[in-house]
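Have a look at the structure below, then the notes.
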Amino acid sequence: MSCRNVGVCVGFCFLFAFQTPSFAHAKTEKATFAGGCFWCMESPFEKLDGVLAVISGYTGGEQKNPSYEQVSSGQTAHLEAIEITYDSSKISYWQLLDTFWKQIDPTDPGGQFVDRGPQYRSAIFYHNDWQKKMAERSKAALGKLGRHQKPIVTDIVSASTFYPAEDYHQDYYKKSSLKYKFYRHRSGRDQYLKKIWGMEPMAKQPQKTQEKYIKPGDAELKKRLTPLQYKVTQNNATERPFDNEFWDNKEEGIYVDIVTGEPLFSSRDKYVSGTGWPSFTKPLEPRNIVEHEDRSFFSVRTEIKSKHGDSHLGHVFDDGPPPTGLRYCMNSAALRFIPKTEIEKELGAEYMTLFEK
């Protein structure tokens, strides 16, 4: 069955010339996701800061250079998918995963919304063992959230050859915006996502914004920071457990980057981990968090850094409590605490809603 058969005839009446952007100064990586109709998957990711390109295409099958007609017939074992090129210094793979889960029905093994058949099922195609670990962890965390009443069945499989779709499929949401919105609504995707996540999925995506938090130069940092704060944030040092400012802090408030002031964690998500460092189940602002693979000390860990300040904050582990199962183990020396009484003055009234009973 054609994935566009939703009671309307969606015509293709344009030509599209795809141009590859320049990524000369970016730390580029690839991410590949399948979530049913690739028209609906392309748009949300292209709006994210740090995403450099999104291409609609086909992957997961063995036939070379398949056409849309072949894939949509279900005869090639390919899935409709998108391939994302992103700057990992600006956006983390975890943030891409978070966006992915909020575009799909991960409980549907037979397709996505009106698009039926294995060619429209959801899947994460990992490009390395690191992405595989992150994908598995995010899938487990989603299951623990309890937003879905059925099991999460999205596949996590190794990436294979990705074939770009025909030109007329690329950026369809821009070139035929009215037809795209009509198709998307008629497919049932928007209604489902609003029910699960309580938002308008097309309207409230994080937009590319001008940087608000600026990192000072090294000379200024040495003046502002204590020697320990400098060693932790700039040289990846770790402070001593049970001998730091916030490990046992129980006051309500928000923790920000000591370097830039960008909001990072809330006291509402802080818990006693027994490790001697301040620990959180999740970040307050995921867009201000960047994850890196850390192979120091003869092990593989997930380092957490601030996006704008590029400050080393700590590490995240998957031994935390519900609902996420994660433990963001941070260094107090990388954080500044803003008590509840000072939040409106320093961060704005919108953050005060976090502490309304």
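The numbers here are math on the coordinates, done by the rules we state, and not lab data. Keep in mind that what you see is a predicted model, and the values were worked out from it rather than measured. Glycine also receives a Cβ, built like all others from the backbone with ideal geometry; neighbour counts cover every protein chain displayed.
Tell me the relative contact order for the chain as a rounded percent, counting alpha carbon contacts under 8 Å between residues six or more apart.
Relative contact order, the chain: 16 percent.
Add -39500 (n - 2.57) for each DSSP H run of 4 or more in the chain, then divide by its residues: what number comes out at 222 nm, to the nearest 500 deg cm²/dmol?
The per-residue figure over the chain is -6500 deg cm²/dmol.
Compute the long axis of helix 129-145 from its Cα atoms, compare it with the longest principal axis of the Cα atoms of the chain, and write down the angle in degrees, 0 to 90, nearest 10.
For 129-145 against the chain, the angle is about 90 degrees.
In straight Cα distance, which lysines are under 22 Å from residue 215, not counting same-chain residues fewer than 8 positions off?
By straight Cα distance, residue 215 reaches 27, 90, 223, 231, 305, 307, 345.
I want to verify the translational diffusion coefficient of the chain in µm²/s; compute it with Stokes-Einstein, Rh as the Kirkwood radius over Cα pairs, at 25 °C and 0.890 mPa s.
Value of D from the Cα-based Kirkwood radius: 112 µm²/s.
Scan the chain and report its longest stretch carrying no GluC sites (Glu not before Pro) that are both in a DSSP loop and have at most 10 other Cβ atoms within 10 Å.
Looking at the chain, 63-355 is the longest stretch - no exposed GluC sites (Glu not before Pro) with at most 10 other Cβ atoms within 10 Å.
Taking θ as phi - 60°, what are the ³J(HN,Hα) couplings along the range 272-277 by the Karplus curve (6.51, -1.76, 1.60), each to the nearest whole Hz, with x for Gly and Pro?
Along the range 272-277, the couplings run 7, 8, x, 8, x, 10 Hz.
Can you give the three extents of the C-alpha atoms in the range 82-151 along their principal axes, from longest to shortest, in whole Å?
Principal-axis extents of the range 82-151 (Cα, largest first): 36, 26, 20 Å.
If you rank 78, 315 by fewest surrounding Cβ atoms within 10 Å, what's the result?
Going from least to most buried by this count: 315, 78.
Amide H to amide H under 5 Å from residue 52: which residues, 5+ apart in sequence or cross-chain, H placed 1.01 Å off N in plane?
85, 86, 87
Seen from all sides and averaged, what is the projected area of the convex hull of the Cα atoms in the range 120-168, in nm²?
Here the figure is 4.8 nm², rounded to one decimal.
Calculate the translational D of the range 230-357 in whole µm² s⁻¹ from Stokes-Einstein, where the hydrodynamic radius comes from the Kirkwood formula applied to all Cα pairs, the temperature is 10 °C and the viscosity 1.306 mPa s.
108
Please list, or write none, the aspartates and glutamates whose alpha carbon is within less than 19 Å of the alpha carbon of residue 132, excluding same-chain residues fewer than 8 places away.
Cα-Cα hits under 19 Å: 29, 83, 87, 98, 155, 291, 293, 294, 303, 318, 319.
Against the empirical 2.2 N^0.38 Å scaling, what ratio does the C-alpha Rg of the range 28-197 come to?
It is 0.96.
How high is the relative contact order of the range 218-355? Use alpha-carbon pairs under 8 Å, at least six apart in sequence, and give a whole percent. If you can, show how the numbers build up before the last one.
On the way: 271 pairs, mean separation 35.0, N = 138.
It rounds to 25 percent for the range 218-355.
Neighbour counts of other C-beta atoms within 10 Å: give me 195, 179 arranged from fewest to most.
Least crowded to most crowded, the residues run 195, 179.
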